[in-house]
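To keep things clear, I will list the structure first and then write my remarks on it.
The values are calculated or read from the model by the stated rules, or taken from the named source; none is laboratory data. Because the structure is a prediction, the values reported are computed rather than measured. All Cβ positions, even for glycine, are placed from backbone atoms using ideal geometry, and neighbour counts span all protein chains on display. Remember, those area values only see protein heavy atoms, side chains included, never the ligands or the DNA or RNA. Shrake-Rupley method; radii C 1.70, N 1.55, O 1.52, S 1.80 Å.
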Amino acid sequence: MPLEPATLLETASAAVKAIGADALLDGIVFRGEVTLVIERDYIVRIIEALRRDPALSFSMLVDITAIDYLEVGREPRFDVVYALVSLEHRHRIRLRAPVPENDCHIQTIVPLWRGADFLEREVFDMFGIAFDGHPDLRRIIMPDNWEGHPLRKDFPLGGATSFYYKQDTDEYAGEPADLVPRIRVQDSDV
Amino acid sequence: MQEIFPTTPPRDTLKTEEMLINMGPQHPSTHGVLRLVVRTDGEMVREAWPHIGYLHRCFEKIAETLPYRAVVPYTDRMDYLASMNNNLAFCLAVEKLGGIEVPERAAYLRVIFAELNRIASHLVAFGTYGLDLGAFTPFLYAFREREMILSICEKISGQRMLYHYPRIGGVARDITPEIAGDIRAFLVQMRKAWPEYNDLLSNNQIFIKRTADVGVITASQAIAWGLTGPCLRGSGVKLDMRKAKPYSLYDKFDFEIPVGEGLKGTTGDCWDRYWVRMLEMMESCKIVEQALNGLPEGETMGKVAKVLRLPAGEVYVPCENPRGELGYYIISDGQTQALRVKARGPSFCNLSITREIVRGVLVADVVAIIGAFDIVLGEVDR
């Protein structure tokens, strides 16, 4: 049976605190979903502990993603988010690990779940957060020679500057201006 | 004869070398624009690297700049074979974040059309899988029944494939007696056609030889790689979001979750994944019938604010797409647009195991393995 959100928060918090006194930064229950904000240096050990604990047994990795808080102005700028599910108890938890912009990396969890491979590569591609120890950390969706990380908030919505060549020659013709300005459409426009 | 075909090939004179070949992006068996770089040794695959991203539209970036209502049509384009399920997943996440109530009639209609769309999607999977393996006829049979679903969906939403029917707070239109009659007629036809499919393909000896014991994924492998949907259940793990954490109204209906049992070979082979889809179609028929019989009277659209400003917070609603767990992780900072929308697509995770299981198989089996995943590249690349 799945644990109640409050009980789950309590049990998981205790498991995280057992790893290190400063490992747990915050615990949130919102709309029945449990989120733990944790110190990124402990990430592998925390996930290992959550997986091993028989009362929690988070046996499957659902998702890895990241959030950019540039517009909100939060420091550190990024959060790497891990979503876990327990096949035994059917409950879920979310872990958020803040990562600063000037020291943009976190430990990989590929040794724990092989499925983290693609997911971490996607976060690296889209946000430029490096995963230490990842076996094959390359871009996955964007071309290998792409510059910039599209899901960062300071990446222009119209795309990065592109360039083109003159017709029939290989001569470089310059860069067009960014045609589409970065906009946020208002609800009244739709 | 002995001179022409020597029993032992002259190893020292025969030049063999490994070849690096491209499968795709335009290969017919890759179901879209998936490119596989395959290192082959004769007919044997030594290593394969999937290359994705050809259909990338950066849905997540677009979703950050649009109001929530305007994001819903974009979700259609992610998994274009199961648009209803995609719309539903996004609407459920927004409704959970905003605490929006959905009228019961709308929730029933959502279930009916999500399940019809699941059948349509599995029919494409069934038809094209046969096509991949050289059986053309089942494809035509599958598209005959799928056409009935598409015309039902066209009648209710005005679109054949990209429906935008579930809306935030309800559904776009109410069902008419004519459409209800069409759905009942479809259920009768589907139950009649299903045994034909099995005669044509499921129990076809050639098909079984091509798929049984091919591309075996053990349960622990499936869990380690984060597989969901028929790919996970084909390996014998009973996990379906409709039962594990019932969303919408799925706790009200009586249906089974089929899992792979290794009927024709090993548990977790391509035939098992295929067979789970076939059984799921019949279970979906059961759900549609129950929902149609229990359809209550009432409104089809709840009360939703004109300018949708959601409270700050984060939600994720796992839903069962035909391909596996689909969910939208929405983070709001209290604005009219989301701070971040992450789509957890099942095909993306299901595809990641390719590299592991195509190692050491025959080149022809790569087609069977990729086909059995039933990936939709629109959702892999997002």
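Table for the structure above
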quantity: Extension gain from B:E261 to B:Q26, taking 0.36 nm per residue of separation minus the Cα-Cα distance; calculated: 81.2 nm
quantity: Heavy atoms of B:V363: accessible area, 1.4 Å probe, square angstrom to 10; calculated: 40 Å²
quantity: Approximate spin-label separation A:V72-A:M1, in nm, with each point projected 7 Å along Cα-to-Cβ; calculated: 3.5 nm
quantity: Most to least accessible of B:V171, B:V33 (protein chains only, probe 1.4 Å); calculated: B:V33, B:V171
quantity: Of all accessible heavy-atom area on the protein assembly as shown, the percent that carbon and sulfur account for (1.4 Å); calculated: 54 percent
quantity: Nearest-10 value in Å² for the accessible area of A:D22, using the 1.4 Å probe; calculated: 80 Å²
quantity: Overall form of segment B:251-382 per C-alpha gyration tensor (a/c, 1.5; a/b vs b/c); calculated: oblate
quantity: Average beta carbon contacts from partner chains per residue of A:110-119, 10 Å cutoff; calculated: 5
quantity: Simple spin-label estimate for B:D251 and B:R57 in nanometres, 7 Å along Cα-Cβ; calculated: 3.5 nm
quantity: With 5 Å bins from 0: P(r) over segment A:5-143, alpha-carbon pairs, percent; calculated: 2, 10, 21, 23, 20, 14, 7, 2, 0
quantity: Inter-part distance where segment B:200-220 and segment A:25-47 are each reduced to a Cα centre, Å; calculated: 42 Å
quantity: Heavy atoms of B:R46: accessible area, 1.4 Å probe, square angstrom to 10; calculated: 100 Å²
quantity: Cα-based equivalent ellipsoid, chain B: semi-axes from gyration tensor eigenvalues, Å; calculated: 40, 25, 17
quantity: Efficiency of FRET from Cβ geometry, B:T65 and A:R52, R₀ 35 Å, rounded to 0.05; calculated: 0.25
quantity: Global geometry of segment B:77-214, whether rounded, prolate or oblate, following the gyration tensor of its Cα atoms and the 1.5 cut on a/c; calculated: prolate
quantity: Virtual spin-label span in nm between B:S151 and A:D41, 7 Å along Cα→Cβ; calculated: 6.8 nm
quantity: Ranked order, B:F136, A:F124, A:F118 - accessible area, probe 1.4 Å, largest first; calculated: B:F136, A:F124, A:F118
quantity: Gyration tensor (alpha-carbon) shape descriptor, the protein assembly as shown, a/c threshold 1.5; calculated: rounded
quantity: Calculated on alpha-carbon atoms, Rg and Dmax of segment B:211-250 in Å; calculated: 11.9, 37
quantity: Averaged over A:128-137, number of beta-carbon atoms from partner chains that fall within 10 Å; calculated: 0
quantity: Chain lengthening between B:T137 and B:E101 when straightened (0.36 nm per residue, less Cα-Cα); calculated: 8.4 nm
quantity: HN-Hα J in Hz across segment B:166-179 - Karplus 6.51, -1.76, 1.60, θ = phi - 60°, x for Gly and Pro; calculated: x, 10, 5, x, x, 10, 6, 9, 7, 7, 9, x, 5, 5
quantity: Those aspartates and glutamates that a straight Cα-Cα span of less than 17 Å connects to B:K286, excepting residues fewer than 8 apart in one chain; calculated: B:E115, B:E145, B:D182, B:D240, B:D251, B:D254, B:E256, B:E320
quantity: Rounded FRET efficiency, nearest 0.05, which uses the C-beta distance separating B:E297 from B:E17 and R0 of 56 Å; calculated: 0.20
quantity: For residues of B:90-98, the mean tally of beta carbons on other chains within 10 Å; calculated: 1
